[in-house]
Structure formats: C-alpha cells, structure tokens
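Below is one structure, written out as structure tokens; the observations come after it.
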Amino acid sequence: MSVEFYLTKGYTPQTKTVTVSGLDTFTVWAPTTSTRIALTNLSISNNYAGTLAFYWGNLAGSKVAEFLLGASGNISPAIGIWEGTAYDRTLFGKAGGSAGTDGIRVNATGFEIPFW
C-alpha cells in the first residue's frame, strides 16, 4: 500500500512529534479508541549517540525497528509503511546509550485507521 491508498479511502494524514531528554520509554503515537496506526514517514534527530527502538503495544510487544544513532545526527529511514495489526496499540520508543536535554526528537507521520 501507499500513502495514496489511505488518502483515496478518505483518511486524514496526522503528524506526531515528541522530544525525549532521558533514556526512558516514551509514547510516539497513542491512537484513538478502536483505531490502528499506519505509519508512513519517520524522521529522527538526536544530540547524543545511542540507540532508538520502536515497539507496538509495550516493551514486551513486537519490536518494529531499532536504529543506531550517531551524535548530532539526523535520519529519515525509508520505512515504507508500518501498519499496526491490532487496534488500540500505542507506538512506543525506547532510547538507549547517552542521555541529555532534548536528546532525541521523533517526527512520525501517518494515518489512524478505524475498526470496520
């Protein structure tokens, strides 16, 4: 599927932005009730070297991806589309490595797909 698929179905694109200062687990996107996420674009900028992993649901859930981040870097991986398979599943991030104020910024773009 492509972004055009979701647009032709009448879904509205959404953008979520989160800035993380520590090495915590954080919410990237919490979908509204009875929807699931179709993530179409991801952009990450960071001040400190480390790792960043993404999970559906929680840390015991499915790991979607993990990135190694160089200090003062920006990455925009070609993710295609990450479409959640379960409704009401939050997309979480988990930072590892070095920490500092405003250490990592994540911009996520995509759609929320309602339960049919």
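The values are calculated or read from the model by the stated rules, or taken from the named source; none is laboratory data. These numbers were taken from a predicted model, which means no experiment stands behind them. Please note: Cβ atoms are built from the backbone with ideal geometry, for glycine as well, and neighbour counts cover all protein chains shown.
How many residues are in a loop (DSSP other than H, G, I, E, B) and either at positive phi or under 12 Å from the mean Cα position of the chain (by Cα) (or both) when one looks only at the range 2-51?
4
Would you be able to say whether some residue in the range 15-25 is loosely packed, with under 14 Cβ neighbours inside 10 Å and either among the hydrophobic types (A, V, I, L, M, F, W, C) or at pLDDT 95 or above (or both)?
yes
Please specify each residue of the range 1-19 satisfying the condition of being of a type in the set (V, I, T) and over 30 Å from G103 (Cβ atoms).
T8, T12
Considering the range 65-114 alone, what residues qualify as being touching a residue at least 24 places away in the same chain (Cβ under 8 Å), outside any strand (DSSP E or B) and within 22 Å of P13 (Cα to Cα)?
S76, P77, I79, I81, G84, T85, A86, Y87, D88, R89, T90
Restricted to the range 52-66, and to residues that are over 11 Å from the mean Cα position of the chain (by Cα) and surrounded by 14 or more Cβ atoms within 10 Å (Cβ to Cβ), which residue is modelled with the highest pLDDT?
G57
What number of residues within the range 67-89 satisfy the criterion of being closer than 15 Å to F26 by Cβ and at pLDDT 85 or above?
Residues meeting the conditions: 1.
Just name the residue that is farthest from G97 (Cα to Cα) out of those in the range 36-49 that are small (G, A, S) and at pLDDT 85 or above.
Once the filter is applied, the top-ranked residue is A38.
Taking the range 77-97 as the region of interest, how many residues are under 17 Å from T51 (Cβ atoms) and exposed (fewer than 15 other Cβ atoms within 10 Å of the Cβ)?
2
Across the range 98-116, which residue is modelled with the highest pLDDT among those that are of a type in the set (A, V, I, L, M, F, W, C), farther than 16 Å from L39 by Cβ and surrounded by 15 or more Cβ atoms within 10 Å (Cβ to Cβ)?
Looking at the filtered set, the residue picked out is I104.
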